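FYI, it's all coordinate maths here, none of it is from the lab. Not measured: the values here are computed from a predicted model. Reconstructed Cβ throughout: ideal geometry from the backbone, glycine too, with neighbour counts over all protein chains shown.
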């Protein structure tokens, strides 16, 4: 979708059409831009930019708060349109997905015809404009969808791959970020054609396994299949504060709240994880991360917080502008976890079920109440001061649910 959040807002508020519109957090609360309309992009504004910087670039910027409930409803509409034409839909985010139309030709025509019909249905049923890319592989389809935005429809046939790829800057290759692009440029590699002309072994020797990957993509080779059930790689939460926080007790309280929220989401999704990562960003934008991998996967808030608190002790004190916690190395709760032959039931050891039986039963009972009466119906007593905590957090802060293509 094109500038999804901003497009939804201008659809619902037609008087904003043609204006530089952004969705994001307020500048006085250290907010960031979540989405920018193409009019705003014309001023150099883009997503993930601090709102204060965006307002300097575009003083007449129309800044709107995010309404993720609304965006999620619209996303479901769009995903349902996709599934009319194929059951093989791999969502990447609220506004983007891969589709495999193989086997649906007799019902709906070839992939190009299906792409056209989807684009028309989205406009008719949601009032939003989508950009469609049709190609033989994931990488090429994603590239095609980006080439003619906004309101694009681009098809890359097998015999057109070299003609499309060769003139593009090497940064268009998935996996080539700014640092890798600079390294490649120092080697005389500026375009995809330059990269494709190098020997694969040479690129792999300089860049490791990622070198082989980007060299394959430069040749249009991408064996990844479209999976209707994506595996979530990590789940977490982070916030930027309105004012820097130095009080360790307040940081621990905030961290405990995050751990309870993340643990609830993991249980709701039927997941548990072994690796816990703490992220801290100081007043001077210096960012530190600390991680610990547990013997067994967990999804209980208290156990998650116990590890996160330990990680917090390992970072220097100082004014903090952002704190976050992430759980990775995820697994399905239905997957069996191997017991330690020497585990004699020590209550301090995190066992495969994520906690002792009493904790698990109590958590299930509390989760039942939360599902019935809302997530805020039951909270730990130590978090009764959470309103004070949330007053310190930016409305523009972002909750991250890592999904890696």
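Overview of results
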{"quantity": "Whole-Å distance, taken between Cα centres, linking region 1-44 and region 164-234", "calculated": "31"}
{"quantity": "P(r), alpha carbons of region 4-66 - 10 Å bins starting at zero, rounded %", "calculated": "28, 59, 14"}
{"quantity": "Average projected area [Cα convex hull, region 209-298], square nanometres", "calculated": "9.7"}
{"quantity": "Pairs of Cα atoms farther than 22 Å apart, region 137-230, %", "calculated": "28"}
{"quantity": "Protection proxy ranking of 99-105, 221-227 - average other beta-carbon atoms within 10 Å, highest first", "calculated": "99-105, 221-227"}
{"quantity": "Alpha carbon convex hull of region 124-181, volume per residue in cubic angstrom", "calculated": "102"}
